[in-house]
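S.K.: Here it is, the structure, as structure tokens.
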Amino acid sequence: MTDITCSNVSCHFQKLANKSSAEVLELLPTSMVELAVGELNLKFRQRIFTPILTLSAFLSQVFNDDTSCKRAVMEVNSYLSRLKLRLCSFGTSSLCKAKARLPIELFQLLFSKLNHEIEQTDQTIWHWKHGKVLVVDGTGFSMPDTPSNRRYFTIHNSKKSNIGFPVGRLLAVFSLSHAGIVKAVIAPWKGKGTGEVTLLNQLWECFQPGNTLLGDALYSSYWVVAKALERNIHIVSELRTKSSWRLSKKKSDQIITIQRNSHCPIALSKEEFSALPTSVQVRIIRLVCAPRGFRPKVKYILTTHLSAQITAKDICDLYKQRWQAEINLRSLKTVLGMDILRGLSHEMVKKEVLAHLLAYNLTRHTMAKAACLLKRLPTQLSFRCAMQTLSVMRFTIALTGHQESDDLLVLKALRSLIVGNRPDRYEPRAIKRRKKNFAFLNKPRQDMKKILCKKYKTKKVSS
């Protein structure tokens, strides 16, 4: 076995890329992976599971409903068989070891490179008329209950030991124009410094001066507003219901001055907190939400856009688009299946999350290119349809060996599946399908097995 360094990695990749149908499993371009491996100066042996083949199998698990490693190995072997190359073992250990060898830095570098390509397809006509808007929101994901996951992450709402599953937190920054993920942070669900507002300190770099941060009521605190103004970033968020700021009930659009409180937040050190200005000016807009069939509800929108050129209607219309972040998270967790992960160690869980983010941005990149051809907004296209198109396209190429233009195929598929315009849509957050009548597992599985074994022996002896 010979080591392959970044100097001759290009020649090694060309062994699998010298045929016209070599793009079957390559959802990521070979050149992008080649540059990332070269920048990180990675060394790997000359194996069947090269980084590009391992990443392709990893992404294949994300794009398919069957996320098992067994199916991914079968797909890799069918790909190698058609190219008349040596097959790998039909067991899953070789693929699992190959995924474990991939460093997390490779996923992060590929994510940043892919995000750069999405930004190149971004068009000015997709932006808000007063600048570019980035939406911030967080969510949680579950994983198997293993010692490694339990040590790094936190078991959600479990007072008993070995009951429940560890839960992680993901804080993501979405672009409102193309709906792609600009940057994300992975952290445990509970603990010091793991809250959404605290994790925001790691995401300030993705904001450019003049951008607008769009968020929920968590981002209406004083220090978030002050830190944003220091970087020349604007804020649009809902004001907390228990806010102590004095507001005039007669004015629907008012500018007030808020003072710095004496309590230092966890997200900042005492030096950073003391460096903040003692007072800042913000604009409060009263928004009356009156959905059909419900009583009107009053919300207060906080913003740092103080100019009279930006009307209250512009701010209210922008805040209504904050719900797009919830739709994006639903696409990430429900459509791509990031809600429940399969990694047995916290390193593999992080790689799984990054693989889902790569798959999400790959789909959004395809949707952005299709939106340019259709002359529509990327958010008007169906995410599920785009994901299904990518999956079916790869399967068709694998069977026929002929590769059709990606843009043309996606354009044909998405042209008839445009998402309808449903302003002020509301749906009950309830589950219609009834659950099965089984009790919850309130003890560790091993203890329950012992109880069942004793119970079974007792019945057998008495009979």
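S.K.: Got at least one residue in the stretch 140-153 being in contact with a Gly (Cβ under 7 Å, 6 or more places away or on another chain), under 16 Å from residue 206 (Cβ atoms), touching a residue at least 12 places away in the same chain (Cβ under 8 Å) and not in a loop (DSSP other than H, G, I, E, B)?
M.R.: No; the residues of the stretch 140-153 include none that is in contact with a Gly (Cβ under 7 Å, 6 or more places away or on another chain), under 16 Å from residue 206 (Cβ atoms), touching a residue at least 12 places away in the same chain (Cβ under 8 Å) and not in a loop (DSSP other than H, G, I, E, B).
S.K.: Name the single residue that is nearest to residue 38 (Cα to Cα) among those in the stretch 53-87 being loosely packed, with under 14 Cβ neighbours inside 10 Å and hydroxyl-bearing (Ser, Thr, Tyr).
M.R.: The extreme case among them is 81.
S.K.: Could you list all residues from the stretch 84-104 that are within 12 Å of residue 347 (Cβ to Cβ) and either outside any helix (DSSP H, G or I) or not β-branched (Val, Ile, Thr) (or both)?
M.R.: Those that are within 12 Å of residue 347 (Cβ to Cβ) and either outside any helix (DSSP H, G or I) or not β-branched (Val, Ile, Thr) (or both): 99, 100, 101, 102, 103.
S.K.: Do you know which residues across the stretch 40-52 are buried (at least 16 other Cβ atoms within 10 Å of the Cβ) and free of Cβ contacts under 8 Å to residues at least 40 places away in the same chain?
M.R.: Those that are buried (at least 16 other Cβ atoms within 10 Å of the Cβ) and free of Cβ contacts under 8 Å to residues at least 40 places away in the same chain: 50, 52.
S.K.: Please list, ordered by residue number, the strands (runs of 3 or more DSSP E) wholly in the stretch 181-269 having 2 or more residues that are closer than 24 Å to residue 168 by Cβ.
M.R.: By residue number, 181-188, 212-215.
S.K.: Out of 325, 386, 398, 359, which single residue is surrounded by 17 or more Cβ atoms within 10 Å (Cβ to Cβ), in a helix (DSSP H, G or I) and at pLDDT below 90?
M.R.: 386
S.K.: Something else: Give the stretch 270-297 a look and list any residue that's of a type in the set (Val, Ile, Thr) and assigned to a loop (DSSP other than H, G, I, E, B), or say none.
M.R.: Answer for the stretch 270-297, where residues must be of a type in the set (Val, Ile, Thr) and assigned to a loop (DSSP other than H, G, I, E, B): just 278.
The values are calculated or read from the model by the stated rules, or taken from the named source; none is laboratory data. Given the structure is predicted, the values throughout are model-derived calculations rather than measurements. With ideal geometry, Cβ positions are generated from the backbone for all residues, glycine too; neighbour counts draw on all protein chains shown.
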